[in-house]
1. At a 10 angstrom cut-off on C-beta neighbours, averaged per residue, how do the peptides 142-148, 105-111 rank from highest to lowest?
2. Given the whole protein assembly as supplied and a 1.4 Å probe, what does the accessible area of THR101 come to in Å², nearest 10?
3. What nm distance separates the two modelled labels at ALA18 and VAL85, each placed 7 Å from Cα along Cα→Cβ?
4. Assuming a ≥ b ≥ c are the square roots of the Cα gyration tensor eigenvalues, decide whether region 81-153 counts as rounded (a/c under 1.5), prolate (otherwise, with a/b larger than b/c) or oblate.
5. Which lysines, if any, have their Cα less than 26 Å from the Cα of LYS145, not counting same-chain residues under 8 positions apart?
6. Need one number: nm distance between label points at GLU158 and GLU37, each 7 Å from Cα along Cα→Cβ, rounded to one decimal.
7. Please give, to one decimal in nm, the separation of the simple spin-label points placed at TYR116 and GLU25, each 7 Å out from Cα toward the Cβ.
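The values are calculated or read from the model by the stated rules, or taken from the named source; none is laboratory data. Since the model is a prediction, treat every value here as computed from it, not as a measurement. Neighbour counts are summed over all protein chains in view; Cβ atoms, including those assigned to glycine, are modelled from backbone coordinates with ideal geometry. Heavy atoms of the whole protein, side chains included, go into the accessibility calculation; ligands, DNA and RNA do not. Shrake-Rupley method; radii C 1.70, N 1.55, O 1.52, S 1.80 Å.
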Amino acid sequence: MAEERPRRTVAQDPQKEAERKRLIEEAKARWAAKKAEGGGAAAAPAAARPQEARAAAQAPTVPVPVASHNPGGSPITAPANPNLVAVGTVNQAVEIQADPTEEANLRKLLGGLGAYQNPLRRGAWQVDYRYWKEARRRLEAAGYKVEGRDYMGRPLDEWDPLTRGWVRVEP
């Protein structure tokens, strides 16, 4: 017959127990928020409701891009040349090609996303692919028209560096 082993007990640490409970409550709140976004009628835990209500009350109605280069959250001037070309590169970046006269606006709009000017091409900016959607949102909100493609001419919306960059990952 199988011999019964005594159950292991973990030393009771009040700080670890409080941290564990806090993490569980945060996970429940995230799950409830995700469920509510999906159209489900899941109720948030009672402890999470006041936090969500405060966050909703503090959130601005219009999202404003604010960066270290742009404390005011708006471009310097209206775009003189609003047509931009965004190219997904093989090095997991998106290169935004613009007229060099738009440098000040692009510096303010993309500065907080880690964008930097390409030193080899005047008027070209590089943004990591993870921040591309936010960069596009900011550019379109400022009045720019963005045409996107990857390095082989395919639509940029379908571009992903894991499947079309240096590495190929089998899904």
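1. 105-111, 142-148
2. 100 Å²
3. 5.9 nm
4. rounded
5. Answer for LYS145, where 26 Å is the Cα cut-off: LYS108, LYS133, listed by chain and number.
6. Once both label points are built, they end up 2.6 nm from each other.
7. 4.3 nm
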